[in-house]
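As C-alpha cells, the structure follows; a few thoughts come after it.
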Amino acid sequence: MMFKDRRSKANQLLAWVVLVSAQAAVAGFTWTWVMYDFAGVHKELNVAGYNVWPLASAQVLFGFAGFAVIALTRGLARRVMAFVIAALSIAMAVFNLSDLAAVINNVVPPKVNGMVEKASGIQGGGADGSSAAILHHMTAVTLPIAFTLAAVLLALLQLGIAFTVGRWATGEKRDKYTRGKPSVAEKPKGKGGKSAAKEAAQKGDNIALWDSQR
C-alpha cells in the first residue's frame, strides 16, 4: 500500500509538470497575426500567447510555483494549499474558456488591440470596437484551444491531488536517511556456551598445572 501511494504521488506530480510545461511551450508560439495601417504603410504584428491572453504568463508561473509548494510542504499545510491552488486554477481555467469564446468569434484580443492602438495612434473606430487601423487579423485557434485544454486538465488534476494528498504522508513518515543503531556483536562462544577467550584461558591454566607436576 505504501509503495502504491508513493507511485501515485510520483505520477501525479509528473503529470503536473508535464501539463504546465505544455502550457509554457504553447504560449510561446505566435497566436495572433495582425496587419495594420500606419500612416499609409501596412505593417505586421506577430503576437505570442503570453501577450494575447492576460493570464497566460500568470498561469504558467502559478503552475510551477504551486508545484514547488505541494512538493515541499507537509501535513495540514500541504492539504490546505492543495485546495487553494486547485480553486485558483479552476478560476483561471474558466477565464481561459471565456477568452477562447472570443477567439472563436474572431474578436481581436484586447491586449493585441492595445498594441496596435499604441503603435498606430488610432484608438477605436473599428466595427467591434477595436482600432480602425487594423486591416486584417488572424488567430491560430488550435493554440488557444491546446492551452485551455491543458489548463482544464491541470485544474482537474490539482483538484484530485487536493483530495488524495493526505495519503501521501503514509510513505513519508519513515525517513529514508534514518538508519537503526548497529546491534552489538555477540562474543564468539566455545563449547558449552563459554566464550572463546575464557576457554583459551582455562586451557592455558591446565597446561601450566601439568608442567608443574612433571
For the range 81-121, alpha-carbon Rg and Dmax in angstrom = 14.9, 46
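Pulled fully out, how much extra length does the chain show between ARG74 and GLN123, if you take 0.36 nm times their separation in residues and subtract their Cα-Cα distance? Intermediate results must be reported in sequence, preceding the final value.
Working: separation 49, 0.36 × 49 = 17.64 nm, distance 5.18 nm.
Full extension of this stretch gives 12.5 nm more.
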How big is D, in µm² s⁻¹, for the range 2-171 by Stokes-Einstein at 37 °C and 0.692 mPa s if Rh is the Kirkwood radius over C-alpha pairs?
-> 187
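Just so you know, all these numbers are worked out from the coordinates, no wet-lab data involved. Remember, it's a predicted structure, so these values are computed and weren't measured experimentally.
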